[in-house]
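Structure record follows, encoded as structure tokens.
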Amino acid sequence: MNEAATPNDACAGMVLLARNPTDSVTEGFLPAAARLGLAVTLLTDQPDAHHAAYGRYARERRGGGPSAGALPGRLEIVPCDVQDFRAVIARTAAQARRIGAPAAVFTNSDHLQVQAALAADYFALPGKDWRAALRTKNKAELRRGLAAAGLDTVRSAELAPGDAPAGHGVPYPCVLKPREGVASEDVFLVADETELAARCGEIRARRPGAALVLEEYLDGPLHTLETLGDGHVLHPLASFRTDISPPPHFIEERLTLLPEPAGPCTGQVLEQLRALGVGFGACHTEYVDQGGRARIIEVNYRAIGDRCDLALAEALDLPLFELILRTHLGEPLPDALAVRHGTRVRMEYVCADRDGTLKAAPEAHVQEADGVRLDYRPLRETGERHPLYRTNRDFLGVLRATGRDEGRIDAAVQEFLAAHCWEIVP
């Protein structure tokens, strides 16, 4: 992390890197930036999508929609090849000459953590260590880093483009995934060499030139650990229990907020994160609990997504998005965070089970009864046609259920799902 003075009155501007629009940015980080009085320059390779998303969000707010907060008074969307750190630095320098130097460079994108870290370092701003950002994004480097630290060794093999998938030494069944993949896209549990060769062929057809990783299958209950750090103190904020689809795919079907992070595993995950160099800003880590031993699946050096971050901020009664941005502005976190425990949350994802056009689906809906608040948000519009991805891009909608009693929450979710229909036609 770069050491920089807290920017006080220089806090007028922030550069935010993004690819596609996300709820985390639209309803979380941009309203937080507005509350902090920050003007935002958003660099993106998809400017039209962002203009459309923020226009829609503003219209919905005027119509009594989302209550996350207003967008920044000055929000400038600037086209940029954000996957190239050189283009990011050039655009940021040009903006600095025009409107003044930024106080922070930030991204919540899996794809852009290294670029943001390098740009922050170039302009001597607080940020993540680019090596840690690369080490967590690159799943082969992640395994090598944990093994070198003596904390966990997972049998794995890296397959460069063109490498034959034989003779890897990883026992079956094993997990095949893109080395820099996200959101369980092209992740498969493979049973034998024949299936491995077939799956490698499928992935390489979709991702020419992509390196792959083959890993030992880590069985057991799947959990997350959500952390927030400033480079000195690292806070474990919360944990979710994750239910996934049956093999061979790994689609998240629901997440349930646990009363508090599990003791032994939390300490082990924190130790492994520190060994990887993780400790600045938000981090979302997925791990398997094998009888009290934490086995990391992957580390996503950003806030949890799919609306879980919005639910978490509400459940913990914590200005989560502001705190994350403040770390990137150079402000230290308190030694202790005032976190509210006891609120239960269940995130239920309605998934497409076939390709086709979404003909019918419920609209956005909020209701409260019997101590449970239900908030349903559609994630795909009716009339849209999509293939079946076998990832979270199959999500048709997300239902957030919040309350104090898990039994009532479960009953309310089941009642909602039974009362509504999602129809997909060929």
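The values are calculated or read from the model by the stated rules, or taken from the named source; none is laboratory data. On a predicted model such as this, the values are computed, not experimentally measured, just so you know. With ideal geometry, Cβ positions are generated from the backbone for all residues, glycine too; neighbour counts draw on all protein chains shown. In case anyone asks, the SASA skips ligands and DNA or RNA and just uses the protein heavy atoms, side chains included. Shrake-Rupley method; radii C 1.70, N 1.55, O 1.52, S 1.80 Å.
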In whole angstrom, note down how far apart the Cα centers of segment 48-101 and segment 313-362 are.
-> 21 Å
What is the distance in Å between the Cα centres of segment 255-295 and segment 386-424?
-> 26 Å
Between beta-carbons, use under 12 Å as the cut-off and find the net charge around Gly356, counting Lys and Arg +1, Asp and Glu -1.
-> -1
Excluding ligands, DNA and RNA, the carbon-plus-sulfur percentage of the accessible area of the chain with a 1.4 Å probe reads 49 percent
Probe 1.4 Å, all protein chains present, accessible-area order of His341, His223, largest first = His341, His223
In debye to the nearest 20, the charge dipole size for segment 13-125, taken about the Cα centre with +1 at each Lys and Arg Cβ and -1 at each Asp and Glu Cβ, equals 440 debye
So how do Asp219, Asp163 rank on accessible area, 1.4 Å probe, biggest first, that is with the largest at the start?
-> Asp219, Asp163
Could you pull out every one of the lysines with an alpha carbon less than 20 Å from that of Lys128, ignoring same-chain neighbours closer than 8 positions?
-> Lys137, Lys139
When the convex hull of the Cα atoms of segment 220-338 is projected onto a plane and the area is averaged over all directions, what value comes out in nm²?
-> 7.3 nm²
When only the heavy atoms of the protein chains count and the probe is 1.4 Å, how do Leu38, Leu151 rank by accessible area, highest first?
-> Leu151, Leu38
Quick one: grab the alpha carbon gyration tensor of segment 343-425, order the square roots of its eigenvalues as a ≥ b ≥ c, and give me rounded if a/c is under 1.5, else prolate or oblate depending on whether a/b is larger than b/c.
-> prolate
In whole Å and largest first, what semi-axes does the C-alpha gyration tensor of the chain yield when each eigenvalue is scaled by 5 and square-rooted?
-> 31, 28, 23
Tail weight of P(r) past 16 Å, computed on alpha-carbon pairs of segment 13-125, percent = 55 percent
Taking r as the C-beta separation of Lys359 and Glu60 and R0 as 30 Å, the FRET efficiency to the nearest 0.05 is 0.80
Measuring from a point 7 Å past the Cα of Glu406 along Cα-to-C-beta, which residues in segment 326-368 have an amide N at less than 14 Å?
-> 342-347
Can you tell me how much longer the chain between Glu193 and Arg207 gets when fully stretched, taken as 0.36 nm per residue apart minus their C-alpha distance, in nm with one decimal?
-> 3.0 nm
Classify segment 155-216 as rounded, prolate or oblate from the Cα gyration tensor: take a ≥ b ≥ c as the square roots of its eigenvalues, call it rounded if a/c is under 1.5, otherwise prolate when a/b beats b/c and oblate if not.
-> rounded
When the chain is treated as a Gaussian network with springs between alpha carbons less than 10 Å apart, the largest mean-square fluctuation among Ala412, Ala311, Ala94 is found at Ala94
